[in-house]
Amino acid sequence: MRPLVSLLLLGLFAAGCASTGAMGDAADRVVGPTWQLTSVGTVSAAGPEATITFEPDGRVFGTTGCNRFFGTYDLGSNGALTLSQVGSTRMACPPIDMTQEAGFLDALDRAERVLVEGDQLSLVADDERLLRFRSTAGSTANATLSGTVTYLPRIALPPDAVVAVRLIDVNRGDAQAQAVAENRVETDGGQVPIPFSLRYDASQIQPANRYVVRAEIYDADGTALWTTDTSYPVLTNGAPSDDIEIRVAQVTETGVNSALIGPSWRLLEIQKPGGVALSYEGTAPFTISFGTDGRYSGQADCNRYGGTFEVDPDGALRLSQGLSTLAACPEPSVSGDFFEVLNNVGRYDVGGGRLTLRGVDGGSLVFQ
């Protein structure tokens with residue numbers, strides 16, 4: 001199986017050195033809260049998504065604002081810091097996020113100690129503040145989501161499997177969804193259902209927004225084994241915050257939800273970015289199918305089309321604009337409306353016999 005998400009070993013073996021300031025017991029102040037990135041060196045953070053969390057069991061994890069990272073740490077009472085066995089997912093992101101990520105990971109590699117000043121945390125080397133964070137802890141900051149991650153087939157997980165659970169703000173549409181919080185659960189040989197507890201900063205939650213949780217299960221090499229194929233609403237609009245059961249679907253060699261592969265999907269509805277919906281009753285001459293070889297193909301009115309596709313375990317989908325025949329189809333034809341959405345697809349959802357391809361600009365295609 002070709003891993004869509006691979007580990008990037010960073011070789012972080014920074015030697016701890018003595019703090020130049022009074023730290024007290026560093027662990028009491030650093031461990032536990034989620035720290036939100038405010039700057040990389042002298043450059044302000046590109047957004048609120050980059051974080052770091054030091055767990056009491058010696059694990060460290062977070063996000064660079066683009067990819068997720070994880071590893072282990074040793075923290076001395078004087079603030080001396082050693083990071084090791086650090087890895088990261090490897091997904092492409094917008095250039096501004098990739099630039100921040102490069103600086104973030106380089107700073108992690110160089111960090112020698114931590115310095116806490118009020119609600120500010122700095123990772124330091126040679127008295128240079130490499131990364132600055134602020135604590136998200138507060139009167140409402142440590143709210144918790146809880147539940148289980150499970151699946152129905154009787155397939156055993158490998159003993160080193162890892163479960164990743166994320167709280168996502170989808171108010172701006174799934175294609176632009178942003179992670180509010182995340183947690184990784186080492187299964188240590190355990191099997192589903194796997195319980196999870198996800199801490200988040202309640203001050204970031206907007207009552208009018210929509211939030212969902214998603215989950216993936218990886219092996220030790222970072223290969224996605226199982227992933228959510230639907231969204232689970234939480235927190236707002238009457239959605240729950242505990243006893244949440246997240247069901248995941250098995251991932252194929254291409255990284256795609258197995259329910260997506262094989263069948264030919266027939267168009268039911270085109271939702272244009274402007275909000276206009278064109279509906280059909282299973283008779284539209286528009287289809288699409290996805291193969292195990294990473295290629296897609298289909299019919300668009302009187303023409304055939306196809307190309308290649310890539311997916312991420314969280315449901316992101318990228319379609320190449322492949323070849324298409326150029327026959328002149330009888331009018332009226334909605335081929336232009338169909339390809340306007342298809343060429344801008346950013347995510348997919350599959351379940352209940354239906355496939356929805358969601359455009360980055362708000363349009364969607366619904367198939368059966």
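Laboratory data are not the source of any read-out in this text; all were calculated from the coordinates shown. The model shown is predicted, which means the values in this text are computed figures rather than measured ones. Neighbour counts are summed over all protein chains in view; Cβ atoms, including those assigned to glycine, are modelled from backbone coordinates with ideal geometry.
Stokes-Einstein diffusion coefficient for the range 52-116 at 4 °C in a medium of 1.567 mPa s, Rh from the Kirkwood formula over Cα pairs: what value in µm²/s? Don't skip to the answer; put the middle values down first.
Working: Rh = 12.4 Å.
Roughly 104 µm²/s, to the nearest whole number.
Averaging the sequence gap over all C-alpha pairs within less than 8 Å and six or more residues apart, then dividing by the number of residues, gives the range 34-189 a relative contact order of 19 percent.
For the range 291-368, what mean projected area does the convex hull of the alpha carbons give, in nm²? Intermediate results must be reported in sequence, preceding the final value.
Working: hull surface 22.6 nm².
Result: 5.6 nm².
Looking at the range 147-242, the trypsin sites (Lys or Arg not before Pro) that sit in a DSSP loop and have at most 14 other Cβ atoms within 10 Å of their own Cβ are Arg154, Arg172. Across the range 32-119, C-alpha contacts under 8 Å between residues 6 or more apart give a mean separation that, scaled by the residue count, equals a relative contact order of 23 percent. For the range 295-301, 3J(HN,Hα) computed residue by residue from phi via the Karplus equation (6.51, -1.76, 1.60; θ = phi - 60°) reads 10, 10, 7, x, 10, 10, 6 Hz, glycine and proline entered as x.
Let me know the charge dipole size of the range 312-368 about its Cα centre in debye, to the nearest 20, where only the beta-carbon of Lys, Arg (+1) and Asp, Glu (-1) is charged. Don't jump to the answer; show the numbers that get you there.
Working: 4 positive and 7 negative charges, 30 e Å.
Computed charge dipole of the range 312-368: roughly 140 debye.
Given the C-alpha atoms of the range 96-137, compute the convex hull and give its volume per residue in Å³. Don't skip to the end; give the middle numbers.
Details: hull volume 3.1 nm³, N = 42.
Looking at the range 96-137, the number lands at 74 Å³ per residue.
Under a model in which nothing but the beta-carbon of Lys, Arg (+1) and Asp, Glu (-1) is charged, the range 84-229 shows a dipole of about 540 debye around its Cα centre. Taking θ as phi - 60° and the Karplus parameters 6.51, -1.76 and 1.60, the scalar couplings of the range 353-368 work out to x, 10, 10, 10, 9, 10, x, 5, 9, x, x, 7, 10, 10, 10, 10 Hz in sequence order, x denoting glycine and proline.
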